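S.K.: Below is a structure I'd like to ask you about.
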Amino acid sequence: MRFALLVLALAAAGCRSVPEAVDMKPEEAYQAVANNLPRADFGWGDPSGLAEMAASSRTDRPKDPAPIDLKCNERGMTVVVEVFRPHAYTVRYDSIEEVTYSYEPFPNLMFCFIFPFLQFEEARVVFDARKLDGFFDQIESDCTRLEAISREVGMSGPWEHAQAVRRKLADDAADFGEGRVSLHFNYVSPVPPFIPYTAPARRAAEALRWVKDHPNEPVR
């Protein structure tokens, strides 16, 4: 009975919260967002390593790919979109439609027994990806390429990743509307998982809400 009550309480704690509007200086908000950009994740997993082993991949593989500079300014934030190979896109602040954060009941409930001193939290941004030039075209091109590579190497890994990407985009469209995509920022805190703790995700969400509410705000 007590365990059931604990599960219900933690599930209730996992409801998504909208961050409060906080007073921030533009440079503080942009720096806070930039600090969190390495955590940005579209939630479709990593590309299969088999994709780069194909003969066709070796012929057009960049010899010395330039690193992607994760940054933000008064107009938008740079994120990495990696389906086959990484591409940089700027998510404009005026394309952001929703910012939330939450304690994650799963896997935290499992962590109660496995890692009793760690827990997961998440901040989430939903944006209209139709405002990003070439976003969906590049993803579809990469998915098609992965499917062709899967046939070339005779293994399913690249094909399965392409389907995972398509499912994620379809799920986002069903949940948030056509053309909308969710971007996740995940955090691990040294706090027992049965004690809901969202401070890192909440602080990130507050900065993300600030840039959403103040697009094109110059640094004074």
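The values are calculated or read from the model by the stated rules, or taken from the named source; none is laboratory data. Note that this is a predicted model, so its numbers are computed, not measured. Neighbour counts run over all protein chains shown; Cβ positions are idealised from the backbone, glycine included.
S.K.: Condition check: in contact with a strand residue (DSSP E or B) (Cβ under 6 Å, 6 or more places away or on another chain) and either among the aromatic types (F, W, Y) or closer than 24 Å to P38 by Cα (or both). Does A162 satisfy that?
M.R.: no
S.K.: When the residues of the stretch 164-192 are narrowed to those that are assigned to a helix (DSSP H, G or I) and touching a helix residue (DSSP H, G or I) at 6+ places or on another chain (Cβ under 8 Å), which ends up farthest from G49 (Cα to Cα)?
M.R.: Once the filter is applied, the top-ranked residue is L169.
S.K.: Shifting gears a bit: Scan V83, V79, V99, V91 and give me the residue that is closer than 30 Å to S150 by Cβ, touching a Pro at 6+ places or on another chain (Cβ under 9 Å), surrounded by 15 or more Cβ atoms within 10 Å (Cβ to Cβ) and modelled with pLDDT of 95 or more.
M.R.: The conditions single out V83.
S.K.: Does the stretch 154-168 include one or more residues that are surrounded by fewer than 17 Cβ atoms within 10 Å (Cβ to Cβ), on the phi > 0 side of the Ramachandran plot and at pLDDT below 95?
M.R.: Within the stretch 154-168, one or more residues are surrounded by fewer than 17 Cβ atoms within 10 Å (Cβ to Cβ), on the phi > 0 side of the Ramachandran plot and at pLDDT below 95.
S.K.: Take the conditions among the charged types (D, E, K, R) and either surrounded by fewer than 16 Cβ atoms within 10 Å (Cβ to Cβ) or in a helix (DSSP H, G or I) (or both) and apply them to R209. Does it pass?
M.R.: yes
S.K.: Evaluate the stretch 142-149: report whether one residue or more is touching a residue at least 24 places away in the same chain (Cβ under 8 Å), assigned to a helix (DSSP H, G or I) and touching a His at 6+ places or on another chain (Cβ under 8 Å). Break it down stepwise before answering.
M.R.: First pass over the stretch 142-149, keeping only residues touching a residue at least 24 places away in the same chain (Cβ under 8 Å): 142-143, 145-146, 148-149.
So of that shortlist, the ones also assigned to a helix (DSSP H, G or I) come out as 142-143, 145-146, 148-149.
Next, from what is left, pick out any that are touching a His at 6+ places or on another chain (Cβ under 8 Å): 146.
Among the residues of the stretch 142-149, at least one is touching a residue at least 24 places away in the same chain (Cβ under 8 Å), assigned to a helix (DSSP H, G or I) and touching a His at 6+ places or on another chain (Cβ under 8 Å), which makes the answer yes.
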